[in-house]
Every structure is written in structure tokens, then in C-alpha cells.
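What follows is a short report on a single structure.
Each value in this text was obtained by applying a stated rule to the coordinates, not by laboratory testing. Predicted model, so just to flag it, every value in this text is computed and none were measured. Note: ideal-geometry Cβ built from the backbone for every residue, glycine included; neighbour counts use all protein chains shown.
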Amino acid sequence: MITGSDSTSSRHPDFLDAKASLALLGVRPQTLYAYVSRGAIRSVPQPGTKAHLYSRADVERVIARAAARAGHAAAAAGAMDHGQPIISSGITEITEAGPAYRGYLASDLARQGVPFERVCELLWGAPLDVARIGAWIIPPRELARAREAGLRILHGTDPHTVYGAIAMLALELGRTRKLSGSGGRVGGVVQEPHLLISAIAQALGCVSPVHALTLPERSELIASTLIRSFGCEATLERSRAVNALLVLLADHELPPGTLAVRAAASGGANLFDCISAGICASSGTEIAGHYAIVDRFLTARPTAVALREKAIRLHQSGQQIPGFTHPLYKGGDPRARHLLAIAADLADDSFDMRQVFDFVAWAQENLADHPRHEFGLVCLVRGLRLPVWSAAVLFLVARMAGWAAHVQEQRGATGLWRPRARYVPQP
């Protein structure tokens with residue numbers, strides 16, 4: 001479902017020089033500098049020169065917000081690109097300290113070691129019960145059907161096409177539940193994601209060198225099952241690290257996958273179909289596929305000097321560093337800081353985190369650029385010696401928690417999502 005290419009030849013540049021920025025904005029240099037000083041447009045210094053580059057996305061957002069004065073259509077168009085909120089939600093708030101799930105900072109939950117299972121339940125509307133331990137209890141007949149579907153669909157799957165297979169498994173689980181008459185379209189929303197997440201965690205063992213389902217041990221948590229499905233030993237340190245990343249990435253408001261999930265839910269789709277839509281919407285090179293691009297950037301020539309040289313070349317061509325620059329976190333993605341800190345504690349000589357930290361510090365000082373969660377997650381996966389393809393899979397499994405919450409919330413709303421398009425004749 002995703003391609004391996006990270007070519008940027010057909011893309012617009014991520015950064016613009018001053019001349020191009022002024023031309024697009026239609027303003028004088030003093031106005032551009034005012035936008036920069038207010039934080040509306042991110043300015044990136046060019047190493048070795050006095051020149052600066054300007055974020056193309058920020059420039060286009062400023063243009064869209066200015067055009068909003070012309071009417072609601074322009075305002076709506078700008079809202080689709082990290083602009084003004086378009087719906088009300090009680091699930092996740094984006095704060096300077098990162099996402100907060102129903103009032104609880106994700107970073108605090110991760111730091112405290114709250115199990116991913118309890119965070120899922122919090123997102124799904126239950127009170128946070130930190131004291132409760134243990135795995136989800138799923139009826140044996142339900143789990144047997146899920147395991148049979150997982151073995152049939154994921155056995156022998158190429159790791160690089162696993163995202164499509166996971167989406168197919170979600171669809172198949174929805175079909176088998178419907179045929180068996182179990183669950184309910186509304187009432188089953190809290191039970192169904194238990195089954196979905198557990199089944200996927202176990203079925204991923206079919207993609208590893210073992211090529212077999214990973215049968216959970218007694219009271220085993222999702223984090224541990226996933227590690228064993230990736231073909232590694234689920235040590236206490238590894239389990240804590242993977243649990244933390246699952247918690248940190250469980251939800252993040254309204255990225256494309258969540259929008260797709262909510263749109264499907266507004267049309268009455270069942271939870272499994274909604275989750276499949278979210279997987280497909282997240283499988284491209286800008287989301288799940290971006291982890292492989294970050295990994296290639298990091299590991300092709302992993303010294304700090306080589307990383308600096310590659311970053312400078314990218315900036316000179318107007319492109320972003322893979323895994324850097326988050327529009328919602330001007331001062332840096334807090335999730336990345338947390339993931340990098342865990343990676344630093346766990347990495348061994350096979351992946352030198354000192355070189356990574358040297359490069360990150362240089363990028364922050366010389367380019368005013370900060371890593372985002374993809375960069376931190378790839379470093380953590382490398383530090384844990386998990387397979388490279390596991391980074392995107394961990395993201396998708398984590399995000400299923402938030403997607404299930406959004407399905408539940410959308411079902412409580414009224415009306416089909418049906419936005420309008422402004423017709424513009426093509427020349």
C-alpha cells in the first residue's frame with residue numbers, strides 16, 4: 001500500500017526563500033518579518049549565510065487565514081491545513097506539552113507506566129483505573145475466530161505490505177462478527193476494539209521469521225505480545241518502552257486517518273470498517289510510510305557530521321529533514337523528546353544515540369528545527385533492535401485506540417459528513 005521511494009522531485013519545496021515568500025504573500029519585507037516575530041511563519045537560517053528560508057506551509061496558512069475575511073468558504077479551506085477547529089471533541093486536546101487524553105497528559109501516563117490497555121479504556125470513556133492490572137478478557141470463541149482470520153490473512157505477508165494486510169484483517173473481523181451475530185454496531189464499540197487490537201498483535205507473528213501466531217502468555221499485555229510478534233524477547237525494559245510509545249501515540253486529534261475514521265462512522269460503518277479506512281488513509285509516504293524514509297536518512301550514513309551534511313543539502317533544495325518540523329509544535333514535538341530519552345537509555349553500540357543527539361542539538365541551534373515523533377520512534381525501534389518495519393506498525397496499533405474513541409464519539413453526533421467543494425475550472 002505504500003511505496004519505498006522517498007523522491008521529492010515532484011513535490012513543492014517545503015521551504016521558500018524571501019523573494020518567493022514575499023511574492024506569494026503580496027507583502028513588504030517588514031510584514032514578512034512581523035509574521036516571523038509573531039510565530040505565524042517559521043524562519044530557518046541557512047548555515048554559512050545571512051539568508052533565511054520560510055516554511056511554505058506556514059506561508060500558505062497565513063494566506064488562507066487572510067482570505068477567510070472574504071467569506072466562509074475560504075475559512076473552511078484554511079481549516080483543513082492545521083487551521084481553525086472544524087468539529088468539537090472531548091477526546092484529545094493538543095497542548096504545548098503534547099496530547100492530553102480526556103484531561104490526562106499522554107507524557108505523564110507514559111512516564112508513570114500506565115498500561116496501554118488502561119489508556120485505551122480512558123479514551124473509550126471509562127474512568128482511568130491505574131490500580132487495575134492484567135490483560136483484556138476476550139471470549140474464547142471470539143478469539144479463536146480472530147486467530148483463524150489472522151493466520152489466513154497475514155501468514156507469509158511481506159513486512160513492507162503488512163499495512164494492507166492489517167486493513168484486510170480488520171475488514172474480515174467485522175465480517176465474521178456480523179455473520180456470527182456477536183457484538184453490536186453501537187453497543188459493541190468498547191468490546192470490539194479489545195478484540196481487534198489483540199487479534200492484530202497476535203497475528204503480526206505471522207509476518208516475523210517465526211511465521212506463526214503469537215499466543216499471549218497468561219495476563220500478557222499488548223506491548224509484550226507485540227514485541228514477541230516482532231521476533232524479539234519481551235524483556236521488562238523492552239515492554240516498558242513499547243508500552244510508553246503506544247500510550248504516547250494513541251491519539252492526536254484529527255490527522256487524515258482519524259478524519260477518514262470519523263467520516264466512515266458518520267455514514268454508519270461498523271467499527272472494523274472504520275478502522276480499516278483509518279489504516280488505508282494512514283499508509284502513504286506522509287504518515288506510516290514516512291518511518292522508512294526517516295530510517296533511511298538516519299542509517300545510510302549515521303554519523304553526526306554526515307547527518308548534518310544531508311540536512312544542509314535538503315535545506316538548500318528547500319526540503320525538510322525527514323522526521324522534523326511539526327506544525328502544531330513550534331518549539332518541538334514533546335512526544336519526540338520522550339521517545340528519544342527512552343531510546344538513549346536503551347540503545348547499545350549497534351545504534352549510537354550520541355551521534356543522533358549531537359545532530360539534533362545542531363539542527364535545533366543552526367536550523368531552528370526540531371524532531372517530531374517519527375524521528376523519535378525510529379530511534380527507539382533501532383535502540384530496541386526491533387525490525388525496521390515495526391515502527392509504522394506500532395504507530396498504527398497505537399492509533400487504533402484513538403480511532404475507536406472517535407468512532408464512538410461520532411456515533412453520538414448527528415448527520416452525515418458531506419462537505420462541499422468549490423468548483424474551479426481547470427485551464
Quiz item: Can you give the calculated 222 nm mean residue ellipticity of the chain, where each DSSP H run of n ≥ 4 adds -39,500 (n - 2.57) and the sum is split over every residue, rounded to the nearest 500 deg cm²/dmol?
Solution: -16500 deg cm²/dmol
Exercise. Neighbouring Cβ atoms within 10 Å as the yardstick, rank 414, 176, 225 fewest first.
Key: 414, 176, 225
Practice problem: Decide, for region 205-358, between rounded, prolate and oblate: order the square roots of the alpha carbon gyration tensor eigenvalues as a ≥ b ≥ c, take rounded if a/c falls under 1.5, and otherwise choose prolate if a/b is larger than b/c, else oblate. | Solution: oblate
Exercise. Within the set of other residues whose C-beta is less than 15 Å from the C-beta of residue 125, count the net charge using Lys and Arg as +1 and Asp and Glu as -1.
Key: -3
Exercise. Pop out the ³J(HN,Hα) list for region 406-419 in order, Karplus 6.51 cos²θ - 1.76 cosθ + 1.60 with θ = phi - 60°, rounded to Hz; leave Gly and Pro as x.
Key: 5, 4, 4, 5, 5, 5, x, 8, 10, x, 7, 6, 8, x
Quiz item: Given a Förster distance of 56 angstrom, what is the FRET efficiency for residue 18 paired with residue 416, based on the Cβ-Cβ distance and rounded to 0.05?
Solution: 0.80
Quiz prompt | Cα-centred dipole magnitude for the chain, charges only on beta-carbon of K, R (+1) and D, E (-1), debye, nearest 20 | solution = 1020
Exercise. Just need log10 I(q)/I(0) for region 370-427 at q = 0.21, 0.24, 0.29, 0.31 Å⁻¹, Debye formula, equal scatterers on the alpha-carbon atoms, no solvent, rounded to two decimals.
Key: -0.83, -0.95, -1.16, -1.20
Practice problem: Distance from a point 7 Å along Cα→Cβ of residue 138 to each backbone N in region 210-250: keep the residues under 16 Å and list them by number. | Solution: 212-230
Exercise. Please give the per residue volume of the convex hull enclosing the alpha carbon atoms of the chain, rounded to a whole number of Å³.
Key: 155
Quiz item: Tally Lys/Arg at +1 and Asp/Glu at -1 over every other residue whose Cβ is under 11 Å from the Cβ of residue 347; what's the total?
Solution: -1
Exercise. Mind checking the full-extension length gain between residue 319 and residue 28? Use 0.36 nm per residue of separation minus the Cα-Cα distance, one decimal, nm.
Key: 102.3 nm
Practice problem: Determine the sum of side-chain charges near residue 173: Lys and Arg each +1, Asp and Glu each -1, restricted to other residues whose C-beta is under 9 angstrom from that of residue 173. | Solution: +1
Quiz item: Efficiency by 1/(1 + (r/R0)^6): what FRET value for residue 96 and residue 215, r their Cβ-Cβ distance, R0 = 41 Å, to the nearest 0.05?
Solution: 0.45
Practice problem: Specify which residue in the list 351, 401, 264 is farthest towards the positive end of the charge dipole of the chain, using unit charges on the beta carbon of Lys, Arg (+1) and Asp, Glu (-1), about the Cα centre. | Solution: 264
